[in-house]
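Derivation of every value follows stated rules applied to the coordinates shown; laboratory data play no part. Model, not experiment: these values are computed from the prediction. Quick reminder, even Gly has a Cβ in these numbers, built from the backbone with ideal geometry, and neighbours come from all protein chains shown.
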């Protein structure tokens, strides 16, 4: 009987320590258009039957995985965690170690933090202040929210100096627009200066040219001279007048670059804006654009993305374009197309653009 | 044996004892319950379940399971699929995933706008971000797709809401927008494309109508009916149609939300117009057919009853609006919830129509109810209710 028990225990241990590397790799191999789904479904079943102790290993599988694979793994973690929480077997310590290693993917670390929070709210609270400068914008939200609360509490006690410190620290770390807006208002109400364009990394000064024709929305695909050459002293035949380059610096604190201002409220037209961004090093970055017109963005002559949707809305960081900056001068060219609509809500012919890292932290130009 | 046969005959004659509600607007996307037993005349809230995120997708019901989706987080990047027990509202399982597509929407709508659907074995949950997940009824992930990950310009900055439908082993998914606009037929077992068609480059929030072995795809261009398994055109109506309320089929006729309502009798390759009434203007809500009458909710919150034979108006009933969700029906009652959360039960057989009951849900409701097991299910951004 004793022997059987030992055998059973041994079997259980083998099962608990089952090597998940192969099924995890199968999930990581899924690709666009459902490629790998069949194999992934089988591998997923293997993973969700594993012991809760494997959770960090499954989370680690998310490192460097594509977003589809991340979701396969996230779902598996969810099932394992639900069972572990029920059985009070969540490997909290291992999850804390996983969370603290910022080399792990932000998405996986967010999941780890959520699990820690579900298992031990007090521990999650204790960990929160350590996440203020985290590579994950999602994880930063927690300590930033705490700083907003701390600032509010200080203000209630009429301790404006302490409130300014808390709000200032919060703003320095905040990466989400809703929190930044709250903190900027709080600080301004306390007579503090806030430089939002710098905080976000908006590019404010551009050379702009318009109006080329976008009749029947064909201008979006028409290659006008600025796409072939950037000669800022040149002029070209435009739709309603000569198209010439003009300098434009935005004063909008959300960095709106408004073609209507230098060129008038034209319809069915195309404009271009160009600027140089000086990087201190070769590095990965994101160009983030918000625009409710048709647009294209090139970096150093390479088309990053093109979008032919008109007047369905714009917002900060609407589109995130991963890119590689080179050390020194980087030329960014934006094509912005206005369509024929005449409704009041179709007046805008503008964009906002910033350069930042994947967390949303502004990358400031070297000059 | 005799008893069983009699039971089957009775069921066939009067509707089934219990029917699932497997998609937006239920059986055949017609918004009418096929159950023999209608919900009770005096409805009460049987249970309420909390939801952790926003959503205007409708619940669906498969047997004793109620499925609902929602989205949470500062940018609505977390996507939830819930399975509740129909009997008591307890949670059977939940899966939380992450968007791979864009999450921007008009503030009124949300990322969980598309109603999931089921073939009775699997649940297919599509979101405005174009993320699509297939689970079995116990929550095992069967496959997933990121349709904007696949097709980078397939999105709408106002949000998308087209609900998928499943038929003959094919899941038909629409992503119709101003840019990379398409419809695809996916293998229900693997999620791989069986076929994919370009669609008009124009924002579209309508959902497909399942009718006479075809899937009828509505857009500003009109209505294209395709074979679900192949995507091949069966017929094409090209006189334009609405991009918000969806059409409804009943019997041999498709009531198209086109120039008011246009009654169509499509044959293979041809479409005959039976009648058109341009005054039957739907607002956001989709029409339904109950018995020999067509019901339309206009933009002013007025329910209009019209003849299915010629479109002639019978009466108008002003209800408490405004409405974002669509009416549904069971037995001799029509049910609709307004945006302020007032659930209304209507007797359409009363001479001028009559509101029989109002239940205040005290939350904003932008969705369409589901009916199954003699009960109705409604959701808000925070709650799921069972009314019985």
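Summary of values
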read-out: Largest to smallest principal axis extent of the C-alpha atoms in chain B, angstrom; value: 53, 51, 49
read-out: Under the Debye formula (equal points on every Cα, no solvent term), log10 I(q)/I(0) of the range B:152-285 at q = 0.12, 0.17 Å⁻¹; value: -0.43, -0.86
read-out: Rough spin-label spacing in nm, given labels placed 7 Å along Cα→Cβ, for residue A:327 and residue A:19; value: 4.3 nm
read-out: Average Cα contact separation per residue, chain A, under 8 Å, 6 or more apart, as relative contact order %; value: 12 percent
read-out: Linear extension gain, residue A:32 paired with residue A:227, 0.36 nm per residue minus alpha-carbon span; value: 67.1 nm
read-out: Kirkwood Rh and Cα Rg combined as Rg/Rh, the range A:277-320; value: 1.03
read-out: Span from the the range A:322-367 Cα centroid across to the the range B:48-79 one, whole angstrom; value: 35 Å
read-out: Shielding by other protein chains, B:342-348, mean Cβ within 10 Å; value: 0
read-out: Relative exposure of A:204, B:104, judged by other C-beta atoms within 10 Å (fewest first); value: A:204, B:104
read-out: Highest-fluctuation residue, B:273, B:344, B:23 considered, GNM on chain B with Cα pairs under 10 Å; value: B:273
read-out: Percentage relative contact order, chain B, counting C-alpha pairs under 8 Å, at least six apart; value: 15 percent
read-out: Where labels lie 7 Å past Cα in the beta-carbon direction, separation of residue A:205 and residue B:36 in nm; value: 8.1 nm
read-out: Highest-first arrangement of B:46-57, B:346-357, B:112-123, where packing means the average Cβ count within 10 Å; value: B:112-123, B:46-57, B:346-357
read-out: Sequence of A:224, B:255, A:254 once ranked by neighbouring C-beta atoms within 10 Å, starting from the fewest; value: A:254, A:224, B:255
read-out: For chain B, built as a Gaussian network whose Cα springs stay under 10 Å, the top-fluctuating residue of B:165, B:210, B:226; value: B:226
read-out: Stokes-Einstein diffusion coefficient of the range A:68-210, Kirkwood radius over Cα pairs, 10 °C, 1.306 mPa s, in µm²/s; value: 92 µm²/s
read-out: Cα-based convex hull volume of the range B:137-213 per residue, rounded to whole Å³; value: 111 Å³
read-out: The range A:200-356: projected area of the alpha-carbon convex hull, averaged over directions, in nm²; value: 8.4 nm²
read-out: Taking only Cα atoms of the range B:25-113, radius of gyration then Dmax in Å; value: 15.1, 44
read-out: Calculated on alpha-carbon atoms, Rg and Dmax of the range A:76-136 in Å; value: 11.2, 34
read-out: Alpha-carbon Debye profile of the range B:216-267, log10 I(q)/I(0) at 0.25, 0.31 Å⁻¹; value: -0.96, -1.30
read-out: For chain A, built as a Gaussian network whose Cα springs stay under 10 Å, the top-fluctuating residue of A:295, A:345, A:72; value: A:345
read-out: Cα coordinate range in chain A, projected on the principal axes (Å, largest first); value: 96, 60, 42
read-out: Tail fraction, Cα-Cα pairs, the protein assembly as shown, threshold 33 Å, whole percent; value: 57 percent
read-out: Cβ-Cβ FRET estimate between residue A:181 and residue B:233, R0 fixed at 41 Å, reported to 0.05; value: 0.25
read-out: Highest-first arrangement of A:205-218, B:188-201, where packing means the average Cβ count within 10 Å; value: A:205-218, B:188-201
read-out: Cα-Cα separations in the range B:96-184 greater than 20 Å, expressed as whole percent; value: 29 percent
read-out: Relative exposure of B:62, A:347, judged by other C-beta atoms within 10 Å (fewest first); value: A:347, B:62
read-out: From the C-alpha gyration tensor of the range A:137-194, square roots of 5λ in Å; value: 18, 12, 8
read-out: Unit Cα scatterers, Debye sum, the range A:14-131: log10 I(q)/I(0) for q = 0.12, 0.13, 0.17, 0.22 Å⁻¹; value: -0.40, -0.47, -0.79, -1.22
read-out: Separation of alpha-carbon centers, the range B:168-182 and the range A:164-201, rounded to whole Å; value: 42 Å
read-out: Relative contact order computed over the range A:200-356 (Cα-Cα under 8 Å; 6+ residues apart), in percent; value: 32 percent
